[in-house]
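First up is the structure itself, then whatever we jot down about it.
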Amino acid sequence: MKTIVMARQGGPDVMELVEQSEPVAGPGEVLVEIAAAGVNFMDTGVRRGLAWTEMPNPKVLGVEGAGRVLAKGDGVDRIAPGDRVAWVYAPGSYAERAVIPADALVPVPDAIDDRTAAAVMMQGLTASHFATDFYPVRPGDLALVHAAAGGLGLLLTQIIKLRGGDVIGRVSSRDKVAIAKEAGADHVIVDVEGEFAQQVLRLSGDEGVNVVYDGSGPKTFQGSLDSLRRSGTFCWYGPVLGGPGPLDIMSLPKSIKVGYATFFDHIHTPALFRARTGQLFDWIAKGDLRVRIGGIYPLAEAARAHTDMESRATTGKLLLIP
């Protein structure tokens, strides 16, 4: 069985395609043949030694994907061989096959293809959490979405629009403007230096936005604060790019609320995981949510996928195909 492993931390060159022994499903587990694996920024953080530090090297990268059940272990009743399934967090997903806990899997409807299912899991559930739980967007709300042409930004923009909100999207280059607008962004700001707040205020009639979704790292933190209206909400995410450092809570302006959003809080039980994913699949099947796949790579070219993602030149979701 072919897998992508990292023998040490570092750049994309530390990733290797290797042969490993075939996995076997134990009690409560399922053996899955992987059809597509998602590439996420958290994978680059693992590779650079920012996460999974308790797990010894060499280790198989990747956490997200979709595929077909080959076998199941004892005690698994809800899933059968031949079923199509998807998952959002199963370490070791950069591989041809993987053993995954049954509770970490959701069924994929016939109307959803494997690549779409793999592409929507982490970013779709994250976007759903941001716009429905962390800050429930209401009709007429105005949101600022950073990295609006990325996989998460495109899905988040669409969900905000489904809930009746308006979106100011921020992108890093002019060639991403049309993609953000296609997803529903009402206004798009091109900015790479973190100097966007004045444009946001102008577009909002000097009031500021109700909510900011910012995973762009420390460079944009102050601008996001400045973009909020009174009692606005700051949704901070994306640990791979680092945090803003210590905050003096008494220095926060305009009675704003600042929080760190984690998608696991959206799906903290298997029932919620199935329900939230089912909602995403339903939106996709109805044509209300479009998943943009921005790059498809053979499993052996995982290093190129990481390089492209870190260059910030990509849009949409990147996938590996075993």
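The values are calculated or read from the model by the stated rules, or taken from the named source; none is laboratory data. This structure is a prediction, so every number in the text was calculated from the model and none was measured. Here the Cβ is made from the backbone with ideal geometry for all residues, glycine too, and neighbour counts use every protein chain on show. Just so you know, the surface numbers come from the protein's heavy atoms only, side chains and all, with ligands and any DNA or RNA stripped out. Shrake-Rupley method; radii C 1.70, N 1.55, O 1.52, S 1.80 Å.
The residue that is surrounded by the fewest Cβ atoms within 10 Å (Cβ to Cβ), among those in region 191-237 that are among the β-branched types (V, I, T) and within 22 Å of the chain's Cα centre (by Cα), is V192.
Checking each residue in region 100-114 for being in contact (Cβ under 8 Å) with a residue 40 or more places away in the chain, closer than 12 Å to A35 by Cβ and either open to solvent by 70 Å² or more (accessible area, probe 1.4 Å) or not in a loop (DSSP other than H, G, I, E, B) (or both) picks out only D114.
Count of region 68-89 residues, restricted to those that are open to solvent by 30 Å² or more (accessible area, probe 1.4 Å), part of a loop (DSSP other than H, G, I, E, B) and touching a residue at least 24 places away in the same chain (Cβ under 8 Å), is 5. Number of residues in region 285-308 that are more than 25 Å from A183 (Cβ to Cβ) and of a type in the set (D, E, K, R) equals 2. Any idea how many residues of region 103-145 are in contact with a Phe, Trp or Tyr (Cβ under 6 Å, 6 or more places away or on another chain) and of a type outside the set (S, T, Y)? Total meeting the criteria: 8. Scanning region 35-67 for residues that are of a type in the set (V, I, T) and open to solvent by less than 10 Å² (accessible area, probe 1.4 Å) turns up V39, T44, V46, V63.
From the set of residues in region 238-258 that are at pLDDT 95 or above and either surrounded by 13 or more Cβ atoms within 10 Å (Cβ to Cβ) or of a type outside the set (S, T, Y) (or both), which is nearest to the chain's Cα centre (by Cα)? By that ranking, first place goes to V258. Within region 115-140, the set of residues being open to solvent by 10 Å² or more (accessible area, probe 1.4 Å) and not hydroxyl-bearing (S, T, Y) comprises R115, M122, Q123, H129, D133, F134, P136, R138, P139, G140.
Looking at I267, I256, just one residue is under 16 Å from Q123 (Cβ atoms) and among the aliphatic types (A, V, I, L, M), and that residue is I267. Would you say V14 is more than 24 Å from V120 (Cα to Cα) and open to solvent by less than 40 Å² (accessible area, probe 1.4 Å)? For V14, the condition - more than 24 Å from V120 (Cα to Cα) and open to solvent by less than 40 Å² (accessible area, probe 1.4 Å) - is met.
Please verify whether region 90-99 includes one or more residues that are among the hydroxyl-bearing types (S, T, Y), at pLDDT 95 or above and part of a helix (DSSP H, G or I). No: region 90-99 contains no residue that is among the hydroxyl-bearing types (S, T, Y), at pLDDT 95 or above and part of a helix (DSSP H, G or I).
For D175, the conditions (1) without any contact (Cβ under 8 Å) to a residue 12 or more places away in the chain; (2) on the phi > 0 side of the Ramachandran plot all hold with the exception of (2).
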